[in-house]
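Everything below concerns the one structure shown next.
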Amino acid sequence: KRTLQGVVVSDKQAKTIVVRVDRRFTHPIYKKTIRRSKNYHAYDEKEEFSIGDVVWIEERRPISKLKRWAVVRGEKKQKVQ
């Protein structure tokens, strides 16, 4: 199963988070490094992650129309004092 790392960008839905996964690659012609991002809907059963947290998501069977990923583990964002 594929595992991706990303940052939570939305946690408004019930038991669902939206994770932005960034990838970097070299352009085939111009040889310049390009950054692309994609959003994935992931299943967060305990609703423990919020915006800004770093999470690892893993491919799963379809849970709903958009959810095909589930949170495996994550790191809470440090609160700034």
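Based on C-alpha pairs under 8 angstrom that are at least 6 apart in sequence, the chain has a relative contact order of 31 percent.
Along the charge dipole of the stretch 26-81, Cβ charges K/R +1 and D/E -1, which of 41, 70, 29 sits furthest on the positive end? Value computed over the given set: 29. Indicate, rounded to the nearest 5 percent, the antiparallel portion of the DSSP beta bridges found entirely in the chain. Approximately 95 percent, going by the DSSP bridge assignments. Carbon-plus-sulfur accessible fraction, the chain (probe radius 1.4 Å, protein heavy atoms only): 47%.
Charged side chains reduced to their Cβ positions (Lys and Arg at +1, Asp and Glu at -1) give the chain a dipole of some 480 debye around its Cα centre. Counting lysine pairs in the chain that sit 8 or more residues apart in sequence, or on different chains, and whose Cα atoms lie under 23 Å apart gives 29.
The values are calculated or read from the model by the stated rules, or taken from the named source; none is laboratory data. Please read these numbers as outputs of a predicted model, since none were measured by experiment. FYI the Cβ positions are ideal-geometry reconstructions off the backbone, even for glycines, and counts take in every protein chain you see. Heads up: the accessible areas ignore ligands, DNA and RNA and are worked out on the full protein's heavy atoms, side chains in. Shrake-Rupley method; radii C 1.70, N 1.55, O 1.52, S 1.80 Å.
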